[in-house]
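Below you'll find the structure, written out as structure tokens, and then a few comments.
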Amino acid sequence: MQNQVVLPGIASQPVSAPVRETTDEALVALIADGDKRAMQVLYARHNVRVFRFIVRLTRNQSLAEDLVSEVFLDVWRQAEAFEAKSQVSTWLLAIARYKALSAMRRRTDEHLDDEMAATIEDTAEGPEAQLSTKDRNAVVQKCLTQLSPAHREVIDLVYYHEKSVDEVARIVGVPAATVKTRMFYARTKLADLLKQAGVSAV
């Protein structure tokens with residue numbers, strides 16, 4: 001995805017090596033001081049992760065592209081409010097989740113069919129040797145869409161974004177025990193769906 005943050009001058013400034021090597025937390029502190037280069041680096045590091053998270057929540061690629069810009073505009077405006085109680089990536093995904101859920105509430109009449117879901121993943125044809133893996137991935141993705149939104153969300157955060165239970169709890173806004181319960185039921189349901197589809201559980 002070649003989406004750009006809609007901030008004046010943000011993509012045109014050269015980024016020095018020290019800024020590129022700065023931690024996420026230090027970048028947010030620089031952003032709070034109005035440093036556009038730091039914003040550019042943070043965006044480059046995290047925009048794809050945020051985009052994929054929003055796509056999985058909304059199942060709408062064009063909406064996800066719009067929301068990515070909104071997420072990073074919020075970061076630009078709210079950097080001073082970041083208290084470093086969680087990782088920056090956790091903070092970003094929490095903002096992204098709020099934006100995605102708000103957008104979906106505004107678009108309750110829009111639904112995504114399986115054909116459109118398939119276009120989000122695996123757009124390129126690979127060699128025949130990769131077809132079985134690709135087919136398996138397509139089955140897994142289809143089974144994921146059959147989980148409830150709450151269960152799909154925790155699976156996505158834990159497996160695709162490698163977030164801990166505590167981090168997922170902060171992003172979703174529920175107790176860690178609830179996250180564990182959702183993970184248990186989500187994994188059980190996913191295993192059943194994969195078995196029905198003839199795919200061994202991962």
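Looking only at residues of the stretch 178-202 that are more than 15 Å from His151 (Cα to Cα) and either polar (S, T, N, Q) or under 20 Å from the mean Cα position of the chain (by Cα) (or both), we find that the one that is modelled with the highest pLDDT is Gln196. Evaluating Ser69 against the criteria (1) more than 30 Å from Thr22 (Cβ to Cβ); (2) at pLDDT 90 or above leaves one unmet condition, (1).
With respect to Leu67, determine if the residue is open to solvent by less than 30 Å² (accessible area, probe 1.4 Å), within 12 Å of Leu42 (Cβ to Cβ) and not in a loop (DSSP other than H, G, I, E, B). The answer is no for Leu67. Every listed requirement among (1) within 20 Å of Ala94 (Cα to Cα); (2) of a type outside the set (Gly, Ala, Ser); (3) assigned to a loop (DSSP other than H, G, I, E, B); (4) modelled with pLDDT under 85 is met by His111 save one, (1).
Taken over the stretch 171-186, the criterion of being in a helix (DSSP H, G or I) and either in contact with an Asp or Glu (Cβ under 7 Å, 6 or more places away or on another chain) or farther than 12 Å from Glu153 by Cα (or both) is satisfied by Val172, Ala176, Ala177, Thr178, Lys180, Thr181, Phe184, Tyr185.
Taking the criterion of being within 30 Å of Leu147 (Cβ to Cβ) and without any contact (Cβ under 8 Å) to a residue 40 or more places away in the chain, the residues of the stretch 44-80 that qualify are Arg45, Ser62, Ala64, Asp66, Leu67, Glu70, Val71, Asp74.
Checking Pro18 against (1) at pLDDT 90 or above; (2) open to solvent by 20 Å² or more (accessible area, probe 1.4 Å); (3) part of a helix (DSSP H, G or I), which single condition isn't satisfied? Of (1) at pLDDT 90 or above; (2) open to solvent by 20 Å² or more (accessible area, probe 1.4 Å); (3) part of a helix (DSSP H, G or I), only one is false for Pro18: (1).
So, in the stretch 90-104, of the ones that are under 20 Å from Ala32 (Cβ atoms) and in contact with a helix residue (DSSP H, G or I) (Cβ under 6 Å, 6 or more places away or on another chain), which residue ends up surrounded by the most Cβ atoms within 10 Å (Cβ to Cβ)? Only one residue fits best here, namely Leu93.
The values are calculated or read from the model by the stated rules, or taken from the named source; none is laboratory data. Note that the structure is a prediction, hence the values are computed from the model and not measured. No Cβ is skipped: glycine too gets one built from the backbone with ideal geometry, and neighbour counts run over all protein chains shown. For the accessible areas, the whole protein counts, side chains as well, though only heavy atoms, and no ligand, DNA or RNA atoms are used. Shrake-Rupley method; radii C 1.70, N 1.55, O 1.52, S 1.80 Å.
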